[in-house]
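S.K.: My questions will all concern the structure given below.
The values are calculated or read from the model by the stated rules, or taken from the named source; none is laboratory data. Worth saying up front: this structure is predicted, and the values here are computed from it rather than measured. Methodologically, a virtual Cβ is constructed for each residue, glycine included, from the backbone with ideal geometry; neighbour enumeration extends over all protein chains shown.
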Amino acid sequence: MTDTTDKELESVVIRFAGDSGDGMQLTGTQFTNATALHGNDLATFPDFPAEIRAPLGTLAGVSGFQIHFGSTQINTPGDNSDVLVAMNVAALKVNIKNLKKGGVIIANVDGFDSKNMRLANVPEDQNPLTDGSLSEYDLKTIDVTKITRAALADSGMTTKEIDRCKNMFVLGLVYWMYHRPIDSTMEFLRAKFKKNEAVMNANIKVLNAGWNYGETTEMFANRYTVAPAKMEAGIYRSIMGNQAAAYGLIAASVKSGLPLFYGTYPITPATDILHDLSKYKNFDIKTYQAEDEIAGICAAIGAAFGGHLAVTGSSGPGIALKGEAIGLATMLELPLVIVNIQRAGPSTGLPTKTEQADLMQAMYGRNGECPVIILAAQSPSDCFTLAFEACKLALHHMIPVFFLSDGYIANGAEPWKFPNAADLPEIPVSFAPARNAEDAKFMPYERDEKLSRPWAIPGTKGLEHRIGGLEKQNITGNISYDAANHELMVHLRQEKVDKVADFIPEQTIDSGEESGDLLILGWGGTYGALRTATSILIAEGYKVSHSHLRYINPFPKNLATLLSKFKTVVVPELNNGQLVKIIRDKYFIDAIPYNKIQGQPFMSHEVVNKIKQILD
Amino acid sequence: MAEVIEKLTSKDFASDQEVRWCPGCGDYSILKQVQTVMPDLGRPREEFVFISGIGCSSRFPYYMDTFGMHSIHGRANAIATGLKATRPDLSVWVISGDGDSMSIGGNHFIHMFRRNPDLNLLVFNNQIYGLTKGQYSPTSEKGKVTKSTPMGSIDYPFNPIALSLGADATFVARSMDRDPKHLQAMIRRAYDHKGTSLVEIYQNCNVFNDAAFEIFTEKSSKKEQVLMMEHGKPLIFGENNDKGIKLDGFKPVIVEVNESSINDLWIHDETDLVKATILSRFYDDPSTEGHFPRPFGVFYVNNNKATFDELFNEQIAYAKEKQGAGDLDKLISGKETWVVN
């Protein structure tokens, strides 16, 4: 056993990178869970190719998982990493630019053989492990493949099967380096492979081998302690965005007393919501994998007509297909939640990469005047809150509601001080009551003070009525081609959305003063990066504040006043300028766009530099 | 106390909306036959839902005093599937046309048959786009001259019966607007079938495709050109019921009915998919020499396929029984939590 020194760190960024078949996502997820259980604050960023098994060993096939954890508040997965685990040379090549100088590289030697070098386009006379090109870093080379094979020599497994355990070696080693509890992964492996004991034992053995390697070799002079974060007291769990969205929908179903119907068609990065929801049929959650995107939303409209809490989910390309049906739901004035987990577009775009370029689609992407409510989650756990809120508003106002998330927060994880079911608000729903022959004729488009019409579900005596996509007469709901009536109905549908502003919270400043030189106005998944950037700027003496919009249509009522307190408003977005256009249009202010369209989230330092450039 | 349900009449199913199809349109007859059959089904009016897409036929729900939805082009089947899955207690009907169901809504048409929700689909086939004023449809014959095909259509038509059988539909029938009794009988059979029921209805568009089915509907030619199928009865047609169909292996043959041939005639069996498939292919142009008569009636019934709505709700019930009702707190907290003091 060697002498190691324990060093205490405030925060660490680790990036696990390898071939897309190397199990890096699983490794990262396990490390995340162990770190969450250890009590650190954290943020993660899975970054993987669209192909399930991209060409082996190539740069395009590199799959990465970055985790940032600490004893202080963690808002982002980190701009640059302290540790890079590189299972092959391609993983090193892709990720070295984001490794801090002096950072640790744990390189799997086997992934740096001549074949891998060739696949990663490394010139024949070069080898980063030996040619000194990594001299600025703390390079640790380990033949993970060889050690794993040796550890499992007697297992009776094939070489191919044995090699699949390599990631557990790395995980065990990194657990040792950072004093992470290993038990949760043991538990995970026992559950995952309970039907295949040989594989279970092999993985556990290799995991331990990784831990012991750290303990017994002299390679690592330091181990690191990252103390639990000082977070608000309470019970926490780790949560990913899509998982949180699914739970938010289920919670809304429970709290409204309505069974949930989720009509959808598989599409990255939204499909995990379907996977999650389909597990909870005992909650009266009814999932429907339709023949296409259009059928997914149309079946949901049918379910809404019948009195269910109806939801459809997709990503941008699927939302494009659903456009006409969203228009129908708007005309029918039925409650419907439309989930869009945004990804980089247009068309197929970059399916596994994040972007915020579907805001205009949500606002205006339909024929005719077709306003809907739009909410946008800002972090993984916020997906729970806003998915719940989307259902609540849809049911309360009898209207379609967009819930926007994006690939970054959908797959990212963070600690979540989750609520008690009892503390979630009830969502009261009442269907129009039955009528007798002597009662006045039922008027399907008679409106209440919110301008919502009654929810009159089939099977209720005396409420027989017809609805449809044709323009209808206000109150009676009969088809109407009357010119003035059409204009009235267009105004009413808009006013109905506008009135929602009376039922949503006012906009707040997230960090910084209520007034100042510059306001960073963000929305969606950029929250963490903007928050961190703002705190850096404030620490450096800049009069900068950050406000983050979660309600986009309608905007909170006080937004105009809030914006007016700043000399400059900057709107950073992962698109070519969408929220900024709406803000300029609505408030006549010279808001400055700041855009990044690379399929990657903002890095905090990029935002800091941009704001300084604007201010200096 | 059991509520006494007063027997409804066909008038009870007529809404107060003025019917706006062109005078002479075959849709009037179909509306009348549906309204005639409804009271006999013995269900309260509020349990019926009519869902349609877009097209002349799709105005239908406005004229029925039931629940109804006039939706968007081609999507009625998808909407109806969602409604029936979540509300199996309702009697759900889809009203569609040839373009709505087999062109823009073709995907939902075949997938609904595959899933087999317990609902009834009435396809008004007039072999033309009427609402958009006369373009060829997916069931128009090849060579059809329309506003969009001045030199004749080069598309081959769908055979709706064969298409639905190919998609494993569990009830497939054909009828016509001009034969009220037969149409009523087919509507009733569709209602009685548990599973998706298709009734293809030959419907005359007297404005854009007049007389398209005249040869099958006019007295002068009907007997020679129409084969009325009845379960358990021989396939006979002709002016004096003098022609019959027999099967020579898998090959259908038209024979003169006489004392010796009568025993060899094909006895219609609605439950035989292979034979239904052969009958579905009696789809020749009636002007060709030696063509088969066009079959009407029930081609095929399969009572052994569970319905989508049954299976869908059985899974929910099973999950509740097995796992118990969901516990929201347990769900939200998950298995691994930690405490911050």
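S.K.: Tally up the residues in the range B:121-159 that are of a type in the set (A, V, I, L, M) and surrounded by 15 or more Cβ atoms within 10 Å (Cβ to Cβ), please.
M.R.: Matching residues across the range B:121-159 total 5.
S.K.: Report whether or not B:S101 is assigned to a helix (DSSP H, G or I) and either touching a residue at least 40 places away in the same chain (Cβ under 8 Å) or not assigned by TED's automatic domain parsing to the domain that holds B:S140 (or both). Break it down into steps so the answer makes sense when it comes.
M.R.: Details: assigned to a helix (DSSP H, G or I): yes; either touching a residue at least 40 places away in the same chain (Cβ under 8 Å) or not assigned by TED's automatic domain parsing to the domain that holds B:S140 (or both): yes.
Criteria met by B:S101.
S.K.: Provide a single number: the residues in the range A:77-98 that are assigned to a loop (DSSP other than H, G, I, E, B), under 24 Å from the mean Cα position of the chain (by Cα) and surrounded by 24 or more Cβ atoms within 10 Å (Cβ to Cβ). Even if it seems obvious, please write down each step before you answer.
M.R.: If we filter the range A:77-98 for residues that are assigned to a loop (DSSP other than H, G, I, E, B), which is where we start, we get A:77-80, A:87-88.
Now narrow it down to the ones that are under 24 Å from the mean Cα position of the chain (by Cα): A:77-80.
Next, from what is left, pick out any that are surrounded by 24 or more Cβ atoms within 10 Å (Cβ to Cβ): A:77-78.
Of the residues in that region, 2 qualify.
S.K.: For the range A:214-251, how many residues meet the condition of being β-branched (V, I, T) and within 30 Å of A:Y137 (Cα to Cα)?
M.R.: Counting residues in the range A:214-251 that are β-branched (V, I, T) and within 30 Å of A:Y137 (Cα to Cα) gives 4.
S.K.: Sort out which residues of the range A:448-473 are more than 7 Å from chain B (Cβ to nearest Cβ) and touching a helix residue (DSSP H, G or I) at 6+ places or on another chain (Cβ under 6 Å), and write them in order of number.
M.R.: Those that are more than 7 Å from chain B (Cβ to nearest Cβ) and touching a helix residue (DSSP H, G or I) at 6+ places or on another chain (Cβ under 6 Å): A:K450, A:L451, A:S452, A:E471, A:Q473.
S.K.: Moving on. Could you figure out which of (1) under 28 Å from B:E6 (Cα atoms); (2) surrounded by fewer than 16 Cβ atoms within 10 Å (Cβ to Cβ); (3) within 14 Å of chain B (Cβ to nearest Cβ); (4) not basic (K, R) isn't true of A:Y481?
M.R.: Every listed condition holds for A:Y481 apart from (1).
S.K.: Does the range B:239-246 contain any residue that is of a type in the set (D, E) and not assigned by TED's automatic domain parsing to the domain that holds B:T139?
M.R.: Looking only at the range B:239-246, we keep the residues that are of a type in the set (D, E), and these are B:239, B:242.
Restricting the remaining residues to those that are not assigned by TED's automatic domain parsing to the domain that holds B:T139 gives B:239, B:242.
The answer is yes; a qualifying residue exists.
S.K.: Could you say whether any residue in the range B:59-67 is at the interface with chain A (Cβ under 8 Å from one of its Cβ atoms), touching a Leu at 6+ places or on another chain (Cβ under 8 Å) and part of a loop (DSSP other than H, G, I, E, B)?
M.R.: No; the residues of the range B:59-67 include none that is at the interface with chain A (Cβ under 8 Å from one of its Cβ atoms), touching a Leu at 6+ places or on another chain (Cβ under 8 Å) and part of a loop (DSSP other than H, G, I, E, B).
S.K.: Can I ask one more? Do we find that B:D118 is surrounded by fewer than 18 Cβ atoms within 10 Å (Cβ to Cβ), closer than 19 Å to A:E291 by Cα and under 16 Å from the mean Cα position of the chain (by Cα) in this structure?
M.R.: When the stated conditions are applied, B:D118 does not pass them.
S.K.: For the range B:266-341, which helices (runs of 4 or more DSSP H) that fit wholly inside it have 2 or more residues that are basic (K, R) and within 14 Å of chain A (Cβ to nearest Cβ)?
M.R.: B:308-323
S.K.: Can you list residue pairs whose Cβ atoms sit under 8 Å apart, with the first residue in the range B:285-301 being among the charged types (D, E, K, R) and the second being in a loop (DSSP other than H, G, I, E, B)? Count only pairs 6 or more apart in sequence or on different chains.
M.R.: B:D285/B:E141; B:D285/B:H291; B:R294/B:F282; B:R294/B:Y283; B:R294/B:P286
S.K.: Looking at the range A:118-135, is at least one residue touching a residue at least 12 places away in the same chain (Cβ under 8 Å), buried (at least 22 other Cβ atoms within 10 Å of the Cβ) and part of a helix (DSSP H, G or I)?
M.R.: No.
S.K.: What do you reckon, is B:C22 closer than 19 Å to B:S96 by Cα, over 18 Å from the mean Cα position of the chain (by Cα) and more than 8 Å from chain A (Cβ to nearest Cβ)?
M.R.: Values: closer than 19 Å to B:S96 by Cα: yes; over 18 Å from the mean Cα position of the chain (by Cα): yes; more than 8 Å from chain A (Cβ to nearest Cβ): yes.
Considered against the rule, which asks whether it is closer than 19 Å to B:S96 by Cα, over 18 Å from the mean Cα position of the chain (by Cα) and more than 8 Å from chain A (Cβ to nearest Cβ), B:C22 comes out as yes.
S.K.: Further question on the same structure: Surrounded by fewer than 24 Cβ atoms within 10 Å (Cβ to Cβ), away from chain A (no Cβ under 14 Å) and over 19 Å from the mean Cα position of the chain (by Cα) - does that describe any residue in the range B:44-53?
M.R.: Among the residues of the range B:44-53, not one is surrounded by fewer than 24 Cβ atoms within 10 Å (Cβ to Cβ), away from chain A (no Cβ under 14 Å) and over 19 Å from the mean Cα position of the chain (by Cα), which makes the answer no.
S.K.: Another one. Among the residues of the range B:81-115, count how many are within 14 Å of chain A (Cβ to nearest Cβ) and within 13 Å of the chain's Cα centre (by Cα).
M.R.: Residues that pass the stated criteria total 11.
S.K.: Would you say A:D47 is over 20 Å from A:Y213 (Cβ atoms), in contact with a strand residue (DSSP E or B) (Cβ under 9 Å, 6 or more places away or on another chain) and assigned by TED's automatic domain parsing to the domain that holds A:D163?
M.R.: yes
S.K.: Are there strands (runs of 3 or more DSSP E) fully within the range A:225-294 with at least 3 residues that are more than 9 Å from chain B (Cβ to nearest Cβ), at pLDDT 95 or above and farther than 23 Å from B:W338 by Cα? List them. Steps first, please.
M.R.: Numbers: elements: A:234-240, A:260-264, A:285-289.
The strands (runs of 3 or more DSSP E) meeting that bar are A:260-264.
S.K.: Go through the range A:414-431 residue by residue and tally those that are more than 12 Å from chain B (Cβ to nearest Cβ) and either among the basic types (K, R) or over 17 Å from A:L309 (Cβ atoms) (or both).
M.R.: 1
S.K.: Please pick out the residue among B:D179, B:D168 that is touching a helix residue (DSSP H, G or I) at 6+ places or on another chain (Cβ under 9 Å), surrounded by fewer than 24 Cβ atoms within 10 Å (Cβ to Cβ), on the phi > 0 side of the Ramachandran plot and of a type outside the set (A, V, I, L, M).
M.R.: Only one candidate qualifies: B:D168.
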